[in-house]
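Structure first, then comments.
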Amino acid sequence: MKYSIQIVGVGGQGVLLASMVLGNAAMSMGYDVSMSEVHGMAQRGGSVLSTVRFGDGVCSPLEAVGSADLILGFEPVETCRNLSLGNKNTAIVMNLDPVLPSMVAAGFEEYPDIEILKKEILSRNSNLITVDATGIALKAGKAVAANAVMIGAMAAVKGFPISKEALFEALIAQVPEKFRELNTKAFEMGYEAVRRRRHTPQTFFKKNTERRRPSVWGKLNR
Amino acid sequence: MPNLLTDGGRQLLLGNEAIVRGLIEAGTGFASTYPGTPSSEIGNILEKLSSDIGMYFEFSSNEKVALEVSAAAASSGVRSFVFMKHVGLNVAADPMMTLAYSGVRGGMLILTADDPSAHSSQNEQDNRYYSQLSLLPMVEPSDPSDAKDMVKEAYAISEKLQLPVIFRTTTRMNHARGIVSFGSKADIKTKGYFDKDVSRFVNIPAFAKQNRKILLGKNSAALELSESSSLNRIEGDGDIGIITSGVSYTYAKEFIRNASVLKLGFTNPVPEKKIAGFVRTKKYVIVIEELDPYLEDQVLRICAQNRIDVPVYGKRSGHLPRAWEYSPDTLRSLGGIADVQSFPEPMRPAEIKLPSRPPTLCAGCPHRGMYAAVKKAVGKRDVVYCSDIGCYTLGVQPPFNTADFIICMGGGAGAAGGFDASTDQKAIAFMGDSTFFHAGIPPLVNAVFNNHKIILVILDNRTTAMTGHQPNPGTGREFGGIHTAPVDIEKLVKGTGVEFVRTVDPYKIRECAGVFSEALDYDGVAVVISKCPCPLELKKRKLLVPGYCEIDGSRCNLCGTCLKTVACPALSKKDGKIAADPSQCIGCGMCASVCPRNAIEVKK
């Protein structure tokens, strides 16, 4: 067995923490682990990508394009930017909460409508699982726990090879004592949000559905 | 954060963490660096742990000095370690070349962290050639576990040959993470004694000529070590051979089947007999290495010398690229000559337009203020902005566009002098505080000496921000039981004879623009010091006084001056309103200082 996860997001969203949690959880289950991280200049508000690979005989820190078993998208546009990392069978777990790039915030570029981003993915891959990670984290207590929500959500993905318990243990080992309760709650809520949906399938994108007109792209559907 | 101080067990380590653990297990007593990605984490870890390890560690003012201090320690019998990014070795090459003639007594490693694909660098030079230029032995690890073990092996080679050893890594080794088994800590020797030996350590021409011969003798001895080293090993059978080193080995090992792999870890000198013996038994060989054909050309030479008529494929044959880092995808081009694993068909890239997200100056970054002020003062004048290496390089983006020429650390100020002498354009140089101490003082002195009427803006944010907030001479030192006072930049500049020296607060953009206008009109070398601590550093040290900006909708007429001049990521225009995002805004008030209608209020 070999398994590859590509984690995409924006510097400061906790992509590195999530990759550490995954790597440690995989190690605790006895797998070989090889990972690659982005440090340095790109972290200054730029796009970030972490690769986590584990299983028998894994030694390359990078994965070939198209080969990701799972894409964990911390941000919608970043998820769409990196679709070629996966294939039509890749599981995609995507946070719905956008982080606006500075040029969008200043009004020079537009952020696409979330529904259009979803359709863009669904027209290539029917395994998309969307998570309102920030909303769930706020219900758990604080927006910063969004990455714990995402990790919990991933644990509920059908066929995910790392056990929920191992992921949870690895998460709790990474967070400071005073945030343990918050992260525990957020992890469980993320897990439940996806587990429940496994039994009520989402409506998938239909090929002939008309696309929304570009004029509404600038408005965010939060 | 893994615990690097415990013995035994297995941990998931970053390549740079594994290297630190290697130093602990090798008993390294002395380390020095100038920070540079992808090697920076090593220094950040040693800043925290060196006291607990019992090692002396320093951030030196530049790579050259870092190599010199470590050279002295190793010449006194203390195991030393100097580390830097690839372009840092250009700076340190001068002492390295002659240190090779003298050699060392305690083991010494020179780590060069190369950056194929230039993820955070200005070029992707292949520093393996420095090992041939200097005749120093070189090792190349493939992954974190390999790196930890190779530190010990490299010290053994260094002490056997009495030569420093180049420890060459790349970004995908430094920033890869893998499982590392811990051994036990070694005893550490931090004090040695320098036994004088003039003919060895004083390379005047008469001695240098002799030492060159001694070095060539050591190079022959190194070749023997390389031939028998377990770092160079053959894995698997088959009549197709692969010769590889570094991270490329992991791609070949995992994704190419039915081939015999010669993994080279001791790569200068390469094991000639081992390579000849390997190639001779193959139908053909493929050399897989990133960047330049360093190994490949040597394999071709060895084949020619030994009259081996076996095809060698790689870069020279057009099968593999010379630019950018490799990945499993690179192997696709070997489909015709190797049994490469097939990969699934990737999803088509998104067809809708996605907004770009380049790295950007942070919310409340003082560089934004200084750039806005300079742009305002310069107006329509014809100027050349010479920038340098640091966060402020990001000023190349709109709306600032304050970088027209960048080459290397300290290079902007030097070039500014040349633009002043060779054009009628006004030359303005930007440089950070750490860069100023690294390589900015000689070009400033040069401008004074030759009357280049440049303006040097020293962006003093009280830290070495880009590489992760290391201290520098301008901040003083407060770790490892050593406390020193900051070097005063303004006094230092005045000491060179510059008469126009002004220190400004970049958060007050209008005042800064006024001072900069004076500098533009000044007939001589002008230095403006923009002094304001990096807010990220303040946040890390829990010293940031929280505040936020509030925009009064009744006064704001949506002119957008704040967005266009400061372009702070905390500011946004949506639903017909300009607002400051309270989760990002630090209340620096730069936007308030440019608002023509005083519609922005800073609240603490």
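When the range A:10-37 is filtered for residues that are modelled with pLDDT under 95, open to solvent by 40 Å² or more (accessible area, probe 1.4 Å) and closer than 20 Å to B:Met173 by Cβ, only A:Leu16 remains. The residue that is farthest from B:Gly22 (Cα to Cα), among those in the range B:103-127 that are open to solvent by less than 40 Å² (accessible area, probe 1.4 Å) and more than 16 Å from the chain's Cα centre (by Cα), is B:Gly103. With respect to the conditions (1) farther than 29 Å from A:Gly45 by Cβ; (2) within 28 Å of the chain's Cα centre (by Cα); (3) surrounded by 14 or more Cβ atoms within 10 Å (Cβ to Cβ), B:Asp488 lacks only one, and its number is (3).
Being modelled with pLDDT of 95 or more and open to solvent by less than 30 Å² (accessible area, probe 1.4 Å): is that true of A:Asp113 here? Yes.
Residue pairs whose Cβ atoms lie under 6 Å apart, sitting 6 or more positions apart in sequence or on different chains, and linking a residue in the range B:515-543 that is at negative phi and without any contact (Cβ under 8 Å) to a residue 24 or more places away in the chain to a partner that is in a loop (DSSP other than H, G, I, E, B) and aliphatic (A, V, I, L, M), are B:Leu538/B:Leu544.
Answer yes if at least one residue in the range B:149-168 is within 14 Å of another protein chain (Cβ to nearest Cβ) and among the hydrophobic types (A, V, I, L, M, F, W, C), and no otherwise. No, there is no match, as no residue in the range B:149-168 is within 14 Å of another protein chain (Cβ to nearest Cβ) and among the hydrophobic types (A, V, I, L, M, F, W, C). The listed residues are B:Leu295, B:Leu320, and the only one of them that is in contact with a strand residue (DSSP E or B) (Cβ under 7 Å, 6 or more places away or on another chain) and assigned to a loop (DSSP other than H, G, I, E, B) turns out to be B:Leu320. For the range B:374-389, a residue qualifies if it is open to solvent by less than 10 Å² (accessible area, probe 1.4 Å) and within 27 Å of the chain's Cα centre (by Cα), and the qualifying residues are B:Cys386, B:Ser387, B:Asp388. Where helices (runs of 4 or more DSSP H) sit wholly within the range B:477-582, those with at least 1 residues that are in contact with a strand residue (DSSP E or B) (Cβ under 7 Å, 6 or more places away or on another chain) occupy B:489-495, B:509-521, B:561-565. Filtered by the rule that a residue be within 30 Å of B:Asn446 (Cβ to Cβ) and within 14 Å of chain A (Cβ to nearest Cβ), the range B:513-563 gives a lone residue, B:Cys534. Of all residues in the range A:141-163, which are among the small types (Gly, Ala, Ser) and open to solvent by less than 10 Å² (accessible area, probe 1.4 Å)? Scanning the range A:141-163 gives A:Ala145, A:Ala148, A:Gly152, A:Ala153, A:Ala156. What do you reckon, is B:Ala100 open to solvent by less than 10 Å² (accessible area, probe 1.4 Å) and outside any helix (DSSP H, G or I)? So B:Ala100 fails the test.
Restricting attention to the range B:27-50, and to residues there that are at the interface with another protein chain (Cβ under 10 Å from one of its Cβ atoms) and not β-branched (Val, Ile, Thr), which single residue is farthest from B:Thr190 (Cα to Cα)? If you could, list the steps in order and put the result at the bottom.
Within the range B:27-50, the subset at the interface with another protein chain (Cβ under 10 Å from one of its Cβ atoms) is B:36-38, B:40-41.
If we keep only those that are not β-branched (Val, Ile, Thr) too, we end up with B:36, B:38, B:40-41.
On the way: B:Gly36: 25, B:Pro38: 27, B:Ser40: 23, B:Glu41: 22 Å.
Filtering the range B:27-50 for residues that are at the interface with another protein chain (Cβ under 10 Å from one of its Cβ atoms) and not β-branched (Val, Ile, Thr), the one farthest from B:Thr190 (Cα to Cα) comes out as B:Pro38.
The number of residues in the range B:27-37 being surrounded by 24 or more Cβ atoms within 10 Å (Cβ to Cβ) and either at positive phi or in contact (Cβ under 8 Å) with a residue 60 or more places away in the chain (or both) comes to 6.
Name every residue in the range B:352-363 that is more than 7 Å from every other protein chain (Cβ to nearest Cβ) and either open to solvent by 40 Å² or more (accessible area, probe 1.4 Å) or of a type in the set (Ser, Thr, Tyr) (or both), in order of residue number. B:Lys353 - this is the single residue of the range B:352-363 that is more than 7 Å from every other protein chain (Cβ to nearest Cβ) and either open to solvent by 40 Å² or more (accessible area, probe 1.4 Å) or of a type in the set (Ser, Thr, Tyr) (or both). For B:Gly238, the stated conditions hold: it is touching a strand residue (DSSP E or B) at 6+ places or on another chain (Cβ under 9 Å), part of a loop (DSSP other than H, G, I, E, B) and either crowded, with 19+ Cβ neighbours inside 10 Å or touching a residue at least 12 places away in the same chain (Cβ under 8 Å) (or both).
A single member of B:Ser158, B:Ser131, B:Ser145 is out of contact with any helix residue (DSSP H, G or I) (no Cβ under 6 Å at 6 or more places or on another chain) and open to solvent by 20 Å² or more (accessible area, probe 1.4 Å), and it is B:Ser145. Selection of the range A:123-141 for residues being within 12 Å of another protein chain (Cβ to nearest Cβ) and among the charged types (D, E, K, R) yields only A:Arg124.
Please verify whether B:Phe182 is farther than 25 Å from B:Asp126 by Cβ, open to solvent by less than 60 Å² (accessible area, probe 1.4 Å) and within 14 Å of chain A (Cβ to nearest Cβ), treating the condition exactly as stated. So B:Phe182 fits the description; yes. Filtering the range B:68-78 for residues that are touching a helix residue (DSSP H, G or I) at 6+ places or on another chain (Cβ under 6 Å), over 21 Å from B:Arg172 (Cα atoms) and away from every other protein chain (no Cβ under 14 Å) leaves a non-empty set.
The values are calculated or read from the model by the stated rules, or taken from the named source; none is laboratory data. Predicted, not measured: the structure shown is a model, and the values here were computed from it. Cβ coordinates were reconstructed from backbone atoms using ideal geometry, including for glycine residues, and neighbour counts include every protein chain displayed. With ligands, DNA and RNA removed, areas are computed over all heavy atoms of the protein, side chains included. Shrake-Rupley method; radii C 1.70, N 1.55, O 1.52, S 1.80 Å.
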